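The values are calculated or read from the model by the stated rules, or taken from the named source; none is laboratory data. Treat the numbers as computed from the prediction; the structure is a model and nothing was measured. Here the Cβ positions follow ideal geometry from the backbone for every residue, glycine too, while neighbour counts run over all protein chains shown.
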Amino acid sequence: WLWWFLRFSSAQDSECGRPEVPAFRMLGGEESLPGRWPWMAGIFITRRDGTRAFCAGSLIGPRHVLTAAHCARDFRSKCNDCRFDVKLSNFNLESDILSPVRSFIVVEVHAHPQFDYRLIDTYHDLAIMVLDRTPWRSRYLMPLCLPPPSVHNDMFEGQNATMVGWGLTSCTDTPKFPRQQMQMQITVWGNDDCGRRYSEPTINSSFICAGDEIGGKTAYLGDSGGPLMIKYDGRWIQIGIVTFGEIETPYKPTVFTRVTEYMDWIQEIILK
């Protein structure tokens with residue numbers, strides 16, 4: 001495992017965050033293209049009454065998917081009648097015609113130790129799901145880069161970032177129609193401005209906010225646990241994890257867990 005991880009780390013500069021499918025100008029919330037975001041993960045839960053998608057994540061390591069901790073509550077409770085699966089290369093949640101979907105079983109979940117499952121809490125809302133085997137890289141499947149040490153908390157304020165998802169905005173969302181992958185360009189806010197829009201929770205340095213000043217562009221296209229990404233030094237890096245937002249309230253940005261605040265913990269889990 002250590003050998004694989006060192007190989008993965010040494011190859012990150014050339015392999016992670018560089019999709020082979022070219023970009024096109026984003027005007028708003030719109031359909032993506034197969035392979036455009038090859039690290040996107042759909043998280044599914046299977047119970048006696050069937051299987052449904054309910055969260056998203058991003059492939060960041062050999063078998064590691066980064067997501068929100070609140071997406072792992074059922075896994076934490078060790079329910080006997082359910083199973084967690086992750087689907088990669090999953091352009092459409094209900095069809096694998098346009099891209100070769102690969103399914104994996106979640107065998108471990110590491111939630112941040114300061115996240116409290118007993119509370120409806122948004123602080124430290126991140127978890128890493130470990131898959132049962134290592135995905136093979138292809139044009140439809142590759143990892144997303146984590147922020148390098150040169151990235152600091154306030155350097156992206158006012159810049160455009162990208163959010164991708166299928167519109168799975170809550171754990172009770174049951175898809176009733178095909179969930180095509182969508183993409184959206186939004187602006188990174190300063191935490192002071194973001195904090196003025198939310199009375200609770202306090203927007204501290206563990207959060208990063210992004211949205212549209214005009215209103216309308218919020219987490220309705222993103223998924224709980226999905227990534228907020230930015231192009232940095234020629235490759236895509238993850239700077240946030242979808243935590244919460246007020247879908248029906250304009251002029252409020254989506255709030256993300258800030259990845260740079262938790263890099264030591266993330267690297268510790270991947271190295272295990």
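One table, with the values for the structure above:
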| item | result |
| --- | --- |
| Qualifying positions in the stretch 43-53 - farther than 15 Å from SER103 by Cα and in a strand (DSSP E or B) | ARG47, GLY50 |
| Those residues of the stretch 126-136 which are farther than 17 Å from THR257 by Cβ and surrounded by 15 or more Cβ atoms within 10 Å (Cβ to Cβ), in sequence order | VAL130, LEU131, PRO135 |
| Lone qualifier among ILE186, ILE237 - being closer than 19 Å to GLU31 by Cα and either touching a strand residue (DSSP E or B) at 6+ places or on another chain (Cβ under 8 Å) or at pLDDT 95 or above (or both) | ILE186 |
| Test: ILE214 is β-branched (Val, Ile, Thr) and modelled with pLDDT of 70 or more | no |
